[in-house]
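Have a look at the structure below, then the notes.
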Amino acid sequence: MNAWADLFQQVNDEATPGWLKSRRIAAFARFEHLGIPTPRDEDWKYTDLKRLNKRQFSMAQTEATVSHTDQAELLDLNAWRIVLVNGVFSPDLSDLSDLPNQVTIEPLSQAITHDQELAGGLVGRLAAIDTDSLTALSHAMAQEGALIRVGSGVVLPRPIQLVYLSTEHESALASWPRIAVVAGPNSQMTIVEQLVGQHASGHYTQRVAELFLEGNAQLTHYLLQTPAEKDLWVGRVHVEQKRDSRYQAFHLNLGGALVRDDFVCELNARGATASLNGLLFGQGRQHLDMHSKVNHNAPNTYSDENYKGILNDRARGVFNGKVIVKRDSQQIEAHQNNANLLLSDQAEMDTKPELEIYADDVKCSHGTTTGQLDENAVFALRARGVDESVARGLLTLAFANQVLDQVTLDAVHDTVEARIAGALPERFNLKGLVLEDQEAQ
Amino acid sequence: MLEIKGLHAKVEGNEILKGLDLTINPGEVHAIMGPNGAGKSTLSAVLAGRDGYEVTAGEILFEGDNLLEMEVEDRARAGLMLAFQYPVEIPGVKNVYLLKAALNAQRAARGEAEIEAPAFMKLVREKLAQMKMDKSFLHRAVNEGFSGGEKKRNEILQMLVLEPKLAILDEIDSGLDIDALRVVADGVNSLRSEQRGVLMITHYQRLLDYIVPDVIHVLADGRIVKTGDKSLALELEARGYDWLLEADAS
């Protein structure tokens, strides 16, 4: 705990006096009181954060030099882009030129100096100091992030890309980016968050995103995680949805030492729809944890959740999906499915769907399966001369494609497909096969 | 090409094949007919190498090699390939992946380089046209949501692309309407050559009107009880199987 106090002292000393500074102090006091969650905490039953306490973190003060190979990892999406390098805003790698009218995309450090509502507490409205101990820590430590505002009726022609890039450093770095998005009435946008790194420096990124969807707004949210081997991530997305708004998430978690995400959706008015789709792909000793909570706070609200887990070696996965239907939330629909594929005897998946329904006129379903590959299909492929290992690889990719096929952003789709095919153990290596097919089309 | 000698096989402890002998030479088309429960499906499963079938006696030689010691994929690469009675749906695996992976596996086994993408696409388009299949099939998942007829066409498409030395067709006519049967039969007939053998396993004589075999065998109670030329099919059509079974028993 002393290490956190030292780190906070640095942040606090440098902070300018004012409401932010007083909130930091309150937030850190809250965090100190609660501490890093332990497996005794129900929400952290399967995920032990003790290495957060063991590892000594510092915070990057200036932008690191970014190598060409690091830069090559950034998805080319023709997007407006904010890049944080080890948590520090990089003007060179970012692109915020030619923004349409009624659109704001700004690094948080800049926005905080003039955005009245932001200063008035936009950040923290959904994910507050009292949400949990790590959110309190985020309030205490946050230095940078992004503010996105898209005005009424604006349909963004290009995606917005937010990149958390970790670079090589002699010691482990920590950062607490905060994202706030306000999607105006009838607006439409796509946000692509990318967590990326290739150096085993053991950085920690804890990102909290708060998304506000006004009436009939549509937000498609990609979270693509390809962190470095030893990196740690804890993410929280909190979405507030008004009438007829649609939130669609594609959460593509492709590894990291420990990657935990919480998605919370508040469906607050009729017609609000949330769709959470995800893929967890773990290898080695990776630990991937997905928690979701969908609150049906109003009648005629809709949610569906579809997660696939693929675990190899000694990887461990967690899926905990909770749906809560309030007493007067009649005629809602909530569907949840989690299917998992274990490629090794030592891989482990803990899956727990939870439904709390206090209304009586609802359509809800949930299902989970955990299994191995279909041996009949393996045989059918082998009977055509396909090597058993390639057959298993193809079928694994096929399992992932059940989620991936809905990903319409080609650069994301192709990256994930090639990554899974290529990242399977060498005997499963299908990279050539897949890429050639993409060329042939 | 294929020599089966005194084959005995068990499924779940029950003996199904009881001393089956069969020889197929290059260029020949053989049909095996027989009543339900005779062991037709067991024979095809043993030839393809499916798990759960225990060979207790006898041997199978494919081009002089002991087939029973070969892995499933090695049998296919050596040129023995089975068109399934019930083709498996493989969600998420596109037909084009299967065809390409299978063709390249065969080429690798022969020491040839992988086929170039343009040559592969040309070959596949040609065979698709032959099977009267739309090229959208290539990017559909293997057999997923296919009708019975589409699944069978897809099996023959794979044969046309992979060109096995011995094609074994297990009840390829089941579930086909007359138009689909013609297309499937035309596909099989186009495979006939001096170097290739075909073994059809069927319950119905109808198929043999479209793919005329050189030799017909009747399989009953795990053994070949009668072998003849194509006229045997007509006799079976007229008299059923009972007279053969009785003759065999006496």
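Worth a mention:
- Every residue from the range A:249-274 that is more than 14 Å from the chain's Cα centre (by Cα) and either hydroxyl-bearing (Ser, Thr, Tyr) or in a loop (DSSP other than H, G, I, E, B) (or both): A:ALA257, A:ASN268, A:ALA269, A:ARG270, A:GLY271, A:ALA272, A:THR273
- Counting only helices (runs of 4 or more DSSP H) that sit completely within the range A:346-441, those holding 2 or more residues that are facing another protein chain (nearest Cβ under 10 Å) and at pLDDT 85 or above correspond to A:375-382, A:388-404.
- Yes/no for B:ASP170 being closer than 27 Å to B:MET1 by Cβ and in contact with a Phe, Trp or Tyr (Cβ under 7 Å, 6 or more places away or on another chain): yes
- Positions within the range B:63-98 being away from every other protein chain (no Cβ under 14 Å) and either in contact (Cβ under 8 Å) with a residue 24 or more places away in the chain or under 30 Å from B:PRO118 (Cα atoms) (or both), in sequence order: B:GLU63
- Scanning the range B:38-55 for residues that are surrounded by fewer than 17 Cβ atoms within 10 Å (Cβ to Cβ) and in contact (Cβ under 8 Å) with a residue 24 or more places away in the chain turns up B:GLY52, B:GLU54, B:VAL55.
- Qualifying positions in the range A:291-304 - crowded, with 24+ Cβ neighbours inside 10 Å and touching a Phe, Trp or Tyr at 6+ places or on another chain (Cβ under 9 Å): A:SER292, A:VAL294, A:HIS296
- Helices (runs of 4 or more DSSP H) (entirely within the range A:17-92) containing at least 3 residues that are in contact with a Leu (Cβ under 8 Å, 6 or more places away or on another chain): A:19-34
- Unmet requirement for B:ILE60, which otherwise passes all of (1) assigned to a strand (DSSP E or B); (2) buried (at least 21 other Cβ atoms within 10 Å of the Cβ); (3) facing chain A (nearest Cβ under 8 Å): (3)
- Pairs with Cβ under 7 Å, 6+ apart, first in the range A:302-325 and among the acidic types (Asp, Glu), second not in a strand (DSSP E or B): A:ASP313/A:GLN283; A:ASP313/A:GLY284; A:ASP313/A:SER344; A:ASP313/A:GLN346; A:ASP313/A:ALA347
- Test: residue in the range B:76-87 that is crowded, with 17+ Cβ neighbours inside 10 Å and hydroxyl-bearing (Ser, Thr, Tyr): no
- Verdict on B:GLU54 being in contact with a Lys or Arg (Cβ under 8 Å, 6 or more places away or on another chain), more than 10 Å from chain A (Cβ to nearest Cβ) and of a type in the set (Asp, Glu): yes
- Here the range A:1-44 is the region considered, the condition is being touching an Asp or Glu at 6+ places or on another chain (Cβ under 8 Å) and under 30 Å from A:THR351 (Cα atoms), and the residue that is surrounded by the most Cβ atoms within 10 Å (Cβ to Cβ) is A:PRO37.
The values are calculated or read from the model by the stated rules, or taken from the named source; none is laboratory data. Given the structure is predicted, the values throughout are model-derived calculations rather than measurements. Cβ atoms come from the backbone with ideal geometry, glycine included; neighbour counts cover every protein chain shown.
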